[in-house]
Structures are given as structure tokens and as C-alpha cells.
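Okay, structure first, notes after.
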Amino acid sequence: MTLLQTLISGLLLGGIYSLISMGLNLILGVVRIINFAHGELLMIAMYISFLFYSTMGLDPYVSAILVIACLFLLGIITQRFLIQPILDTPASTKIFATLGLSIALQNLALMTLSADHFSVRTSYQSDVINIGELAISIPRLIAFIVAISVAVLLYLFLKKTMTGKAIRAVAMQRQAAYLMGVNVKKIYLLAFGIGSALVGLAGAMLMPIYSVYPTLGTTFVLIAFVVVVLGGMGSMFGAFFGGLIIGLVEALSGVLLDTGLKEAVYFAIFILVLLFRPSGIFSLGKGAEEVGLK
Amino acid sequence: MLKLDNINLFYGEIQALWNLSMEIKEGQIAALLGANAAGKSSTINAISGLEKISGGKITFLGKEIHKMDPHEIVEEGIIQVPEGRKLFNYMSIQENLELGAYSKRAKKDFKKNLRMVFDLFPILEERKNQFAGEMSGGQQQMCAIARGLMSSPKLLIIDELSLGLAPILVQKLLKALVDIKNSGITILLVEQNVKQSLAISDEACVLENGRLALSGKADELLNNPHLKKAYLGM
């Protein structure tokens, strides 16, 4: 029963990782940028969620739509004013730009909001559903259901709508997309906006579970990188299932080995995947070419 | 229809096009010929807006287009079928064709154009749900041309049509180009295969080291001693 409980907890945790990683992977697959500030976007989303809670008494699930809108806008601003001017520069410039943004946002949060932890109090945050001896946390279950729903909706958006097809086209073959009349710069803005909105949603879902503090993003962005590499860079399918796998690995290693070793385990997986299947477990072996396809 | 007027193009310090001037007349097939690195791709990339020229101007139907972005140039009616096809490999044929009709001007004629390209290349209709990347080289080239036609182009630029294809397939595709021309679409054919492209072209320009070396009627160029010696080994 303990093992089953661990598996369920791991899956639920993995749902949260999936939600964060899908946004990171969309930006990576389309804009071809490794957004080191993705964790800080999560941190900002959680602070915004907390702000709505503390000033207006809005439940994080209720204010989620506002948090999503704020992060979408923040993503568009980041793409337009930080990434777009350096798009044609070497990869190292882009890495330093997003790394710099990450450090700047962290320190801005430390300066203005202090290093204190902030959390919300809701009537349901400790509630569980009991099935026999199994206990399923309601906020984590909600986050998991949201992650699945987002994965399905994102898949349908990328697969069925013309804008989604244009996003995939840019990810697969940027030059041909230009030549077919796709406004590639607009697609970059949209992809960065959607990727950031997804992390905004993740922040809103995390708020009833975790407290927020300026360096919170660092932990989650490292896990998101492991998920992205494991699932396949650019693959939405890979990000979703990669998140679930890392959630399971984390939960199992905590029980079977030692809680302190969980990070060592998934970083060992990270290195092994990079060594033996650098394109990721779920990818078609072509890097970002299969965004949203599988 | 399309006029290049003294255009220069640089890649960093390297000059790829030198005061290049040429004109393409409406309703014709024009061939742009030259050896590797002669400047053919640079020329069409400048026309499509992928590369920005640093001198001169490009006009299309009387409108200057050299400062426009690629998607704006597509809206004007110029479409390029790039070298190596550059299909969206993990999308179906149908999706590739839909993306060909991405521009605003193409949307209203989507159904008509889809029927037209399926009639021109029936294999594409049979395999419309197959990934483009899973097709043979010849079928991929058909798909690339069809994708270009989906945009209702006024000028269709085709870069290296024959690259990597069997001669029989090249013949089939060249015949299709004549049909496309007869439907009223002007074609700029960029090729290394001089003899075959001149055979279906009305006019041609030959580039050497980024400069215009020869131009004129295709049948006259076919008998030009310089061209014969340099490109046909005769």
C-alpha cells in the first residue's frame, strides 16, 4: 500500500512538473531559446497569485485566469524587448541574457519582497480524498487534472488550429515558414507568451501547495530542464510524460533510497539521457522538429 | 513584372551580389542559371525578403518590395519553393498544403487551389494524410511546388527543382511547370541544369560570381558559345 501511495504521490507531483516543463519546452522548441528565467516566471506567478489573495481575498484557483493573463503579457514583453533583439546572435549571448534576467528577477524580488516565505490559507489545502488506505491530496489532484487538461488542449491547439500549425511550422522549418507567409516574429511572441502563461497557470496551481520566496524558481527550473531533456527538446508529449516520470522517480527514490538522494537520482537520469539519447526518450530524434506532434 | 535594379548584397564583409540588374516578364518562365556560389540563391532570397539588400531596389508590379518582410512579400504574390524542398516533415501533406495557403490573399481560393494541385499531382491527394517526410524525393518536390501554388502566387520561384531527382522525374516536373505557366503564373526557375531549364524557359539570366554574365531569350542562349562551353561542356 505504501508503494501505491508513493506512486500516486509521485504522479501527482509529476503533473506539476509537467505543467511547468510544457511552457519551457514550447519556448525552446519554437523560439530556440533556453529560458533560464522560466523558474523566476513561476516565482512571479506565485507572487501575483499571493497578491490577489492577500489584497482581494481571491482564491488562487479563482485568480488563476488573471495570473495567466499577467504572465502571458510578461512573456510577450520579455520576447519583444529582451529576446527579439538578440535572436540572430550566438547561442551563448541568449543563454547569458536569460540567465541575467533570472538573476535580476531573483534579486529584484529579494530587494522588494525580502526573503520571507508567503503562503495562502485555504479551507481545502489540507483536504484529502481517502480511498481505502490511500490518501490523495485535493490541491495536488487538481494540479494534476489541470496538467492533463492543458496537455490535451495544447495538443489540440497545435494540431487543429491554423495558428497552432504555424507555430509547429516555425519550430520545424523556420525558413520555409517565412517563405509561406508566416509572420515568424509574431509567432515567437505568441509562443513565448503561451509558454509563460503555462508557467503562470502552474504558479496558480502551486500556490495552495507551496509557499513562495525569491529563489523558489531555481529548484523548479532545474527539474524542468531534466524533464525537457528526458522527454525530448521541443516535444510537448515528452514534456508531459517526462514530468510524470521525474515525479515518480522523485517519490520512489525518497522511499526506496533516501529523501536527500532524490535530486542525485534524477540528475543521474539527466546525465544518462544526455549521454545515450540526447534527443530525449520521447523524441523522434530530430530535436525540436516534433513540437506537439506526438 | 519583377525588376532588380543595381542590387548589392553582403554577408558580413563578403559581397555576394554586385550591381545586379534583371527583369522578369509576366506570363513567362525565366531561368536563373549559374554554377555553385554564383549568387542564384542570394538573388532569390533577396527577392523573397530573406536577405536584405544594401543597395539598389527591387520592384514587383511597380511596388518596391526590398524593404518588406518575407510575409509581406508573400502577400504581394511572390512565393519561393526553396532548395531542398524544406517541407514540414512531421506534418501531413494536407497540413503542408494548408500552410502554403497561410497568407490572407490565399485563403479565399483555398478549395479551388487544393483541387488544382491535386489535379496536377494526383499522388498528393492519395497520400494527403501521410507525413511529408515519409515521401520519396520526387513526391516531396511535388509537394513543395504544390505548397507554393496554394498561395495563389503571381510569381513562383523554384530553387533547384532537379536537385537529387531522377531524370525521368525531372522531366515530369518540368512538364508540370509548363502547365503552371499556361495557367497564368509566372515562374522563375533557378537551376544548375542548364539544358533542361532552357528548354522550357522563355528567357534566362546567367550569373557568375554574383554578377550578371549573360541574359536573353532562352533559345538564343542555348546556342551561345560561352554558355555552351561553360555549362554544357560543348
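Looking at A:Ile20, A:Ile8, which is the one that is closer than 25 Å to A:Tyr155 by Cβ, β-branched (Val, Ile, Thr) and crowded, with 22+ Cβ neighbours inside 10 Å?
A:Ile20
With the structure loaded, tell me whether A:Ala239 is over 30 Å from A:Asp116 (Cα atoms) and either of a type in the set (Ser, Thr, Tyr) or within 14 Å of chain B (Cβ to nearest Cβ) (or both) or whether it fails that test.
Spelling it out, it is not the case that A:Ala239 is over 30 Å from A:Asp116 (Cα atoms) and either of a type in the set (Ser, Thr, Tyr) or within 14 Å of chain B (Cβ to nearest Cβ) (or both).
Given the conditions (1) within 13 Å of chain B (Cβ to nearest Cβ); (2) buried (at least 24 other Cβ atoms within 10 Å of the Cβ); (3) not hydroxyl-bearing (Ser, Thr, Tyr), which single one is not true for A:Gly164?
(2)
Does B:Ala176 qualify as being in contact (Cβ under 8 Å) with a residue 40 or more places away in the chain, more than 19 Å from B:Ala30 (Cβ to Cβ) and assigned to a helix (DSSP H, G or I)?
No: the conditions fail for B:Ala176.
Could you please find all residues in the stretch B:96-109 being free of Cβ contacts under 8 Å to residues at least 12 places away in the same chain and either in a loop (DSSP other than H, G, I, E, B) or facing chain A (nearest Cβ under 8 Å) (or both)?
B:Lys108
Looking only at residues in the stretch B:202-228 that are of a type in the set (S, T, N, Q) and in contact (Cβ under 8 Å) with a residue 40 or more places away in the chain, which one is surrounded by the most Cβ atoms within 10 Å (Cβ to Cβ)?
By that ranking, first place goes to B:Ser215.
Rundown of residues vs (1) under 14 Å from the mean Cα position of the chain (by Cα); (2) modelled with pLDDT of 95 or more; (3) farther than 30 Å from B:Gly148 by Cα; (4) assigned to a helix (DSSP H, G or I), yes/no style:
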{"position": "A:Ala135", "(1), (2), (3), (4)": "no, no, yes, no"}
{"position": "A:Pro139", "(1), (2), (3), (4)": "no, no, yes, yes"}
{"position": "A:Phe144", "(1), (2), (3), (4)": "yes, no, yes, yes"}
{"position": "A:Ile148", "(1), (2), (3), (4)": "yes, no, yes, yes"}
{"position": "A:Leu189", "(1), (2), (3), (4)": "no, yes, no, yes"}
{"position": "A:Phe192", "(1), (2), (3), (4)": "yes, yes, no, yes"}
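Out of all the residues in the stretch A:275-294, which are assigned to a helix (DSSP H, G or I), modelled with pLDDT under 85 and away from chain B (no Cβ under 14 Å)?
A:Phe276
Listed residues A:Leu252, A:Leu230, A:Leu206; which is away from chain B (no Cβ under 14 Å) and either surrounded by fewer than 24 Cβ atoms within 10 Å (Cβ to Cβ) or polar (S, T, N, Q) (or both)?
None of the other options fit; the residue is A:Leu252.
Name the residue that is farthest from B:Asn19 (Cα to Cα), counting only residues in the stretch B:54-92 that are more than 13 Å from chain A (Cβ to nearest Cβ) and of a type in the set (A, V, I, L, M).
B:Leu61
When the residues of the stretch A:168-195 are narrowed to those that are among the aliphatic types (A, V, I, L, M) and facing another protein chain (nearest Cβ under 8 Å), which ends up nearest to B:Leu50 (Cα to Cα)?
The extreme case among them is A:Leu179.
Could you tell me whether any residue of the stretch B:149-169 is modelled with pLDDT under 90, of a type outside the set (A, V, I, L, M) and crowded, with 18+ Cβ neighbours inside 10 Å?
Yes.
Out of B:Leu20, B:Leu33, which single residue is crowded, with 19+ Cβ neighbours inside 10 Å and within 17 Å of B:Glu64 (Cβ to Cβ)?
Going through B:Leu20, B:Leu33 in turn, the sole match is B:Leu20.
Mind checking which residues of the stretch B:78-96 are crowded, with 24+ Cβ neighbours inside 10 Å and on the phi > 0 side of the Ramachandran plot?
B:Arg85
Looking at A:Leu26, A:Leu42, A:Leu7 in this structure, which one is at pLDDT 95 or above and in a helix (DSSP H, G or I)?
Of the residues listed, the single one that is at pLDDT 95 or above and in a helix (DSSP H, G or I) is A:Leu42.
The values are calculated or read from the model by the stated rules, or taken from the named source; none is laboratory data. Small disclaimer: the values here were computed from a predicted structure and weren't measured. For neighbour counting, all protein chains shown are included, and Cβ atoms are generated from backbone atoms with ideal geometry for every residue, glycine included.
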